[in-house]
Amino acid sequence: MTERTLVSQLQSREDGPVRVSGWVETVRDQKKVQFVILRDETGAVQLVNPATRPDPEGAEQDAAELELTALISELSTGTFLTVTGELKHDERVKLGGVEIKIGGLEIAAAALPETPIAADSGLDKRMDWRFIDLRQRRNNLIFRIQTTLEHAMRNYWVERDYVEIHSPKLMSTPAEGNAELFALEYFGDQTAYLAQSPQHFKQMAQAAGFGKVFEIGDVFRADPSFTSRHATEFTSIDAELSWIDSYEDVAQMQEELLAVAFQAVKDKHADEIKELFDVNVVVPSLPFPRIPLAEAREIVKGRGYDIPRTDGDLDPEGERQISAHVQETYGHQFVFITDYHPEIRPFYHMRDAETGLTCSYDLLFRGTEITTGAQREHRIDVLEAQAVEKGLSLEGLEHYLDFFRYGIPPHGGFGMGLARVLMLMLGQDSIREVTFLFRGPTRLAP
């Protein structure tokens with residue numbers, strides 16, 4: 001049996017017998033010749049068959065050729081099949097400069113003739129039929145980019161002796177106090193919660209002496225938000241490291257990580273991203289700009305926008321405005337916003353002894369927040385006091401607080417949303433476009 005050849009390998013092969021498998025993208029059934037565009041996971045190729053139609057005068061004809069022509073005429077978009085035939089290089093063929101003359105065709109699974117979505121279908125409709133929507137070359141590329149991005153980040157960490165962890169997603173107590181969490185029955189009268197972050201477990205790894213850890217995994221947020229950048233289940237990119245002097249150590253690691261990851265994406269996918277998304281991948285220069293929150297609010301106000309929030313934080317328009325300022329002033333797509341007030345930060349963020357502000361930051365990319373990072377409070381007495389100040393029950397935090405009662409080094413880290421990074425990198429309007437299967441308040445299927 002001839003070995004299956006991927007479409008991406010055809011240009012490097014010599015003319016001759018070949019076997020390809022994929023799905024039908026289009027069929028042009030002309031009187032004298034039939035063309036089929038076959039797509040697989042790596043690209044598309046043109047198949048050609050000289051059509052043999054029934055002779056109206058009943059002349060004797062080749063039965064196999066008649067059968068093949070009839071079979072191609074009945075092919076529907078999305079049908080998965082295998083074709084054997086003769087590969088021929090021909091520079092006149094616009095699609096890759098090669099085509100295959102069909103010798104045999106075997107249908108693996110025929111598709112229904114009416115496709116439920118079209119090129120102009122709305123986002124919700126496309127999400128209903130996501131497995132068909134993902135067949136597009138553009139959507140396929142998104143997840144190849146995602147693979148490259150994650151691989152580059154893993155390499156960065158592994159080369160620097162970080163340990164990869166896989167924290168549990170079922171928890172006995174809420175991880176961050178008053179956060180909105182999904183609760184579920186757990187064996188009898190127990191209640192379990194879906195983790196909204198690996199935060200506490202990353203910190204446990206510091207108490208365990210791991211030193212530097214990372215995790216790329218699912219997290220869950222019972223947030224009834226319908227914005228283009230929120231989801232109830234998403235992939236979080238997290239890291240935590242010991243023996244830091246300040247949150248600057250975390251920020252420096254993250255900006256290096258992103259520069260390495262963006263360079264990997266640019267090296268491998270820049271041309272296709274430009275072709276399919278009309279976006280130039282820009283590798284960020286180091287260091288990223290840093291602006292304290294109070295200063296950022298003044299800059300935004302000076303641009304003519306009054307932030308309506310009363311808690312002192314930036315709102316989405318404020319994030320866009322300060323990012324526009326950074327782009328205009330520094331020519332940079334990223335900015336760290338630093339020095340947040342304790343009221344708008346979790347209890348476990350360390351506070352500066354002089355200012356009383358938290359030793360933390362948010363990282364904005366193209367006008368949208370993608371990360372919160374901080375130095376953690378590692379002193380048990382201070383940590384307990386800050387938890388009580390936030391109205392949290394120490395009893396409910398016992399397992400977490402135990403990490404700090406038996407020794408733990410100064411440490412910090414960050415959490416970053418993978419889908420937001422991809423959305424902003426590719427200039428998309430919604431994380432639904434860059435999420436394999438989106439989950440939100442009104443979507444649990446497919």
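The values are calculated or read from the model by the stated rules, or taken from the named source; none is laboratory data. Predicted model only: the values in this text are computed from it and were never measured. We place every Cβ from the backbone using ideal geometry, glycine too, and count neighbours over all the protein chains shown. Keep in mind that these areas ignore ligands, DNA and RNA; they rest on the heavy atoms of the full protein, side chains included. Shrake-Rupley method; radii C 1.70, N 1.55, O 1.52, S 1.80 Å.
List, in the order given, every pair from K31/K101; K212/K268; K94/K274 whose Cα-Cα distance in the structure shown is over 23 Å. Walk me through the numbers before you get to the answer.
On the way: K31/K101 17 Å; K212/K268 28 Å; K94/K274 19 Å.
K212/K268, as the Cα separations exceed 23 Å there.
Surface composition of the stretch 253-347: carbon plus sulfur atoms contribute 47% of the solvent-accessible area (1.4 Å probe, protein chains only, all chains present).
Keeping all protein chains in place, calculate the accessible area per residue for the stretch 326-383 (probe 1.4 angstrom), answer in Å². Walk me through the numbers on the way to the answer.
Working: 2150 Å² over 58 residues.
Computed with neighbouring chains in place, this is 37 Å² per residue.
For the stretch 1-109, what does the accessible surface come to per residue with a 1.4 Å probe? Please give it in Å². List each step's numbers first, then the result.
Values: 6360 Å² over 109 residues.
On a per-residue basis, the stretch 1-109 sits at 58 Å².
How much length is gained if the chain between A353 and E114 is pulled fully straight, taking 0.36 nm per residue apart and subtracting their Cα-Cα distance, in nm to one decimal? Please list the in-between numbers first.
Values: separation 239, 0.36 × 239 = 86.04 nm, distance 6.66 nm.
Net length gain for the segment: 79.4 nm.
When Cα extents along the principal axes in Å is calculated directly from the model, which label among [x] 97, 59, 42; [y] 87, 61, 44; [z] 73, 50, 46 fits? From the options [x] 97, 59, 42; [y] 87, 61, 44; [z] 73, 50, 46, the structure gives [x]. Taking only the alpha-carbon positions of the stretch 149-254 and ignoring solvent, what does the Debye formula give for the base-10 log of I(q)/I(0) at q = 0.12, 0.23 Å⁻¹? So the normalised log intensities work out to -0.49, -1.26. Taking the C-alpha atoms only, the angle from helix 137-159 to the longest principal axis of the chain is near 40 degrees.
Could you report the stretch 245-315's accessible area per residue, 1.4 Å probe, as an integer in Å²? Walk me through the intermediate numbers first.
Working: 3690 Å² over 71 residues.
I get 52 Å² per residue for this part.
With a 1.4 Å probe and every protein chain kept in, tell me what percent of the accessible surface of the stretch 109-177 is carbon plus sulfur. Taking all protein chains in place, the stretch 109-177 shows 54 percent carbon and sulfur surface.
Axis angle, to the nearest 10 degrees, between helix 316-330 and the longest C-alpha principal axis of the chain: 90 degrees.
Fully extending the segment from A222 to K88 would add 42.7 nm, taking 0.36 nm per residue of separation and subtracting the current Cα-Cα distance.
Residues considered: G58, G103, G85. Largest GNM mean-square fluctuation over the chain, using C-alpha springs under 10 Å, is found at G58.
Given a 10 angstrom Cα cut-off, can you work out which residue in R39, R309, R432 is the most mobile in a GNM of the chain? So, out of R39, R309, R432, the one fluctuating most is R309. Cross-link partners for K390 among the lysines, with Cα-Cα distance under 26 Å and sequence neighbours closer than 8 places in the same chain left out: K169, K202.
Considering only S225, F214, S246, and ranking their Cα positions along the charge dipole of the stretch 174-293 that arises from unit charges at the beta-carbon of Lys, Arg, Asp and Glu, the one farthest toward the positive end is S246. Hydrodynamic analysis of the stretch 316-446 uses the Kirkwood radius over alpha carbon pairs. Inserted into Stokes-Einstein at 20 °C and 1.002 mPa s, it gives a translational diffusion coefficient of 125 µm²/s. Provide the FRET efficiency to the nearest 0.05 for the F131-S430 pair, computing r from the beta carbons and using R0 = 22 Å. Working from the Cβ atoms, E equals 0.75. Computed from point charges on the beta carbon alone (+1 for Lys and Arg, -1 for Asp and Glu), the dipole magnitude for the stretch 241-288 about its Cα centre is near 120 Debye. For the chain, DSSP calls about 90 percent of its internal beta bridges antiparallel.
Share of carbon and sulfur in the accessible area of the stretch 205-250 stands at 53%, probe radius 1.4 Å. Computed over the stretch 23-176, the alpha-carbon pair-distance distribution with 10 angstrom bins reads 9, 26, 25, 18, 12, 6, 3, 1, 0, each value a whole percent.
With Cα atoms defining each centre, the stretch 183-239 and the stretch 297-359 are spaced 25 Å apart in the structure. Near A111, the amide H atoms lying under 5 Å from its own belong to S76, T79, F80; only residues 5 or more places off or on other chains count, and H is placed 1.01 Å from N. Among Q206, Q428, Q254, the largest mean-square fluctuation in a Gaussian network model of the chain (Cα springs under 10 Å) belongs to Q428.
With a ≥ b ≥ c taken as the square roots of the eigenvalues of the C-alpha gyration tensor of the stretch 87-126, please select rounded if a/c is under 1.5 and otherwise prolate if a/b is larger than b/c or oblate if it is not?
Working: a/c = 4.93, a/b = 1.66, b/c = 2.97.
Taking the square roots of the gyration eigenvalues as a ≥ b ≥ c, the stretch 87-126 is oblate.
In this simple spin-label approximation, V260 and T42 carry label points 7 Å from Cα along the Cα→Cβ vector, and these lie 2.9 nm apart.
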